[in-house]
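I have placed the structure first, in the form of structure tokens, so that the comments after it can refer back to it.
Nothing in this text is a laboratory measurement; each read-out follows from the coordinates by a stated rule. Quick caveat: nothing in here was measured; it's all calculated off a predicted structure. Here the Cβ positions follow ideal geometry from the backbone for every residue, glycine too, while neighbour counts run over all protein chains shown.
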Amino acid sequence: MNPQLSNFIALARWVAAAMVLLGHVGAMIQVPDIMVAPHGPLVYAWWFLTAFSHQAVLIFFVISGFLVGGDVLRKRARAEPFLRDYMINRFARIYIVMVPALAWGFLLDSLGRRIFPHSGIYDAPFFEGVFNLENILGALLQQQTIWTPQAGTNGPLWSLACEIWYYVTFPLLLLPLSSAYSKRFKAAAFAFGALAAIAMSVPKSPFLFGYVVWAGGAAIRLAPRPLIRRAWMSLTIFLATITVVRLAARGALVETHPIVATLADVATASSFANLLLSLRFAGQGGLFSRLGAMHARFSDFSYSLYATHAPLVFFVWAGTGSLIAQDWHKRQPTPLHWGLGVALIAASVAFAYAFSRATEARTPELRGYLRRVLPRRPTRAMASKAEAPV
């Protein structure tokens, strides 16, 4: 990737993770009279910025499709086998963070339910049935919110269940195009990929729509030319799109016409994909060519931030409901609200960074270990080479 595109993806990853964090903290610090009473610019900015968590996940899907699915598309016709190393890379990337994040969520949820039993948070209707231990097994099998409920308060992990099945099924569905494997293996792999994709699409979940978004991100890796060559124009279109989505696609309009939410998601994902496409063909200099190393450092633990913040937010939320008042989060914000919100954001980022040093940063080591211990099975090309006369 050229420097502009690489820098922008680093920026987009950590900003999207921050938007998900802000969305959860924003649910704890609401402004009930935002539409009927005047407020300062910072309050309006808070109201505006704390509603992009859903759009942030769409951006994650586009980026993931672009980086992972796009690489599969580029390798689809190569004669060299790739599936083993590809699966090791993907599973290591997901599970090295996900497993300890599930343990972290279980620990904090158990502690919060014990010391804040009357907070009203852990007993809220949207958490009904999520604290069953079998939900953790469902999450480990990547079925969270597809065939099983979410595991505890860590709702953001739902997107990993979708994403890992995109990782698995996408290359299997493309494997018939590869010459590195036998016909029997390719047929079996394709059948498994198709059945798995169908099985994940049966329940009412975001899986299928997310797959379209993810595959769209992959497709722009092969696009021969940009739709809009000027990156600044594509950036303007994307920012205008998400602004309109934030201000218009909400409340009664979406409740009355659910199709509006779908169209808003399509517009968000499409405008962001178009921006990536413009940047893919951008030159060395430009909008994002001079971004500092700070964005790469934040990007390096954005996954950890995404996967660990929710249990901490709900633990603090339960503490305010138990120690102050159950409806504290519905009251007009006071300096205590804002101070606690800032402290919670800082604590979530600090914890995620420390968490990432023991998990996310160790991904290359786990990948190397798995390559050493998992046997390499011979492919058709390797077998033919071994049988050739010397």
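Odds and ends about this structure:
- Taking 12 Å as the straight-line reach from the Cα of LYS330, the aspartates and glutamates in range (excluding those fewer than 8 positions away in the same chain) are ASP33.
- ³J(HN,Hα) computed for each position of the range 328-340 - Karplus, 6.51 cos²θ - 1.76 cosθ + 1.60, integer Hz, glycine/proline x: 4, 6, 9, 7, 4, x, 10, x, 5, 4, 5, x, 5
- Equivalent ellipsoid semi-axes, the range 240-343, via Cα gyration tensor eigenvalues times 5, rooted, Å: 34, 25, 13
- Mean residue ellipticity at 222 nm, helices only, the chain: -22000 deg cm²/dmol; runs of at least 4 DSSP H residues each add -39,500 (n - 2.57), and the sum is divided by the number of residues.
- Cross-link partners of LYS186 among aspartates and glutamates (Cα-Cα below 20 Å; sequence separation of 8 or more within a chain): ASP71, GLU80, ASP85
- For the range 233-336, the relative contact order is 21 percent, taking Cα pairs closer than 8 Å that sit 6 or more residues apart in sequence and dividing their mean separation by the residue count.
- Euclidean distance between Cα centres, the range 154-209 to the range 1-68, Å: 29 Å
- Going by neighbour counts of Cβ atoms within 10 Å, the residues HIS118, HIS54, HIS309 line up, fewest first, as HIS118, HIS54, HIS309.
- Using only Cα coordinates, the Kirkwood hydrodynamic radius of the chain works out to 22.7 Å.
- Helix 231-248 vs. the chain, principal-axis angle (Cα, 0 to 90°, nearest 10): 50 degrees
- Leading residue at positive end of dipole, the range 1-111 (Cβ point charges), from TYR86, ALA12, ILE34: TYR86
- Burial ordering of LEU227, LEU173, LEU305, fewest other beta-carbon atoms within 10 Å first: LEU227, LEU173, LEU305
- Normalised alpha carbon radius of gyration of the range 23-117 [divisor 2.2 N^0.38 Å]: 1.70
- With θ taken as phi - 60° and the Karplus curve 6.51 cos²θ - 1.76 cosθ + 1.60 applied, the whole-hertz 3J(HN,Hα) list for the range 311-327 is x, 5, 4, 6, 5, 5, 4, 5, x, 5, x, 8, 8, 10, 6, 4, 9 Hz, x standing for glycine and proline.
- Sequence-separation-based contact order of the range 3-384, relative, with Cα cut under 8 Å and 6+ spacing, percent: 33 percent
- Acute angle (nearest 10 degrees) that the helix 363-373 long axis makes with the longest principal axis of the chain, alpha-carbon atoms: 40 degrees
- Rounded tilt (10° steps) of 53-64 against the dominant C-alpha axis of the chain: 20 degrees
- Rounded to the nearest 0.05, the FRET efficiency derived from the C-beta distance between PHE48 and ARG84 at R0 = 45 Å is 0.45.
- Cα lying deepest toward the dipole's positive end in the chain, options ILE220, THR359, TYR181, charges on Cβ: TYR181
- Table column - 3J(HN,Hα) (Hz), the range 285-297, Karplus curve with 6.51, -1.76, 1.60, x for Gly and Pro: x, x, 3, 10, 6, 10, 4, x, 5, 4, 5, 5, 5
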